[in-house]
Amino acid sequence: MLELNASGQPRPSLPVKRPAPALPSAPAPASAPAWQVKGTPGQNLVLLPGQMHVGSQVASLRTLLGSCVAIVVWHPGRRVGGMCHFLLPQRTRRNGESLDGRYGDEAVEAMVTALRGLRAVPQECTAHLYGGADTMPDGAGVKFSVGERNIEQGWSLIDHYGFSLDGVDVGEDIPRTVNLSLSDGAVEMRRGNGRAPVLAAAAPQALPRATTPAPLASPTRRF
C-alpha cells in the first residue's frame, strides 16, 4: 500500500538499509607446545625433563640433571637467555610430526627458532653444556651409555648452530644442578653427591608443569 503526502502525491519509499557483511576473523595464533614453557615475569622457573624456555622476563631458570643434558644460552647484547633439558639425543621423526623437547636435536631447533624470534643471532650467543652422567650400574657392560650419547649430541648441536662454548661439565656419575640468571646471564653449576638419578622419557602429554625451585644447597662451580 502506497503512502500519500500532504498534497496527495505518493510518498517516495526510503531505501532499505542492509547490515554490512561480517569481516572474516583473524586466525588465532598457534599456541606453543606445553614443553616450551612460558613462565611469568619475575618467576624462578624450574625446567623438568623435556622442557625448554627462552626469554628475558623470568628471573631465573634451573634444572636438575642425571644422564640428561642441558644446553644453556645467553645473548649479551639482547640480554636474552634460554635453557633446554633433553633426555635422548634424537629420534626418527615422521613427516609433519611436531617437535618434541625430549630429543636434543628437536629441543635445540626450537630454542634457536625462539632466539631468532627475539632477534638474538645464535652465533652471537654463548653456550654452556652440562650433564650426561653415567647412570648405568657398575659392571653392566654397556660401552656407550645414554649420557655419553647425549654429550656427543650436545657438542654437535653447539657446533652446528655456531654457539660460542663458555662452560662445560659433563660425564662421570654425579647429578648436577644448573641455574641461569636472566638479569645478567650468570650461570651456576653445582655438583651433587652420590649417583645421578635415572630419568625415563615420559610421553609428551604427561610432561609435568614447571614449578618454583627450592634453594640451592651445595658448592658452586662457575664458568
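Worth a mention:
- In this structure, the amide hydrogen of residue 172, modeled 1.01 Å from its nitrogen in the peptide plane, lies closer than 5 angstrom to those of 134, counting only residues at least 5 positions away or on a different chain.
- Whole-angstrom gap from the range 69-104 to the range 156-190, using each part's C-alpha centre: 13 Å
- A Cβ-based charge dipole, computed about the Cα centre of the range 64-110 with Lys and Arg at +1 and Asp and Glu at -1, lands at about 120 debye.
- Residues whose amide H comes within less than 5 Å of that of residue 102, counting only those at least five positions distant or on another chain, are absent (H built at 1.01 Å from N in the peptide plane).
- The packing ranking of peptides 70-83, 105-118, highest mean first, is 70-83, 105-118, where packing means the average number of other beta carbon atoms within 10 angstrom of each residue.
- Around the amide H of residue 71, modelled in the peptide plane, lie the amide H atoms of 84, 86, all under 5 Å away and 5 or more residues distant in sequence or on another chain.
- Gyration tensor (alpha-carbon) shape descriptor, the range 78-182, a/c threshold 1.5: oblate
- Segment residue 183-residue 118, extension gain: residue separation times 0.36 nm, minus the distance between their alpha carbons: 21.8 nm
- Computed from backbone phi, the HN-Hα couplings of the range 52-61 come to 8, 8, 9, x, 9, 8, 6, 6, 7, 10 Hz, rounded to whole numbers (Karplus: 6.51 cos²θ - 1.76 cosθ + 1.60, θ = phi - 60°; Gly and Pro given as x).
- Taking Lys and Arg as +1 and Asp and Glu as -1, the other residues whose beta-carbon sits under 13 Å from that of residue 79 total 0.
- The range 24-115: C-alpha gyration tensor shape, a/c 1.5 cut-off, then a/b vs b/c: oblate
No lab work stands behind these numbers, since they all come straight from the coordinates. In this text, all values refer to a predicted model and were calculated from it rather than measured experimentally. Please note: Cβ atoms are built from the backbone with ideal geometry, for glycine as well, and neighbour counts cover all protein chains shown.
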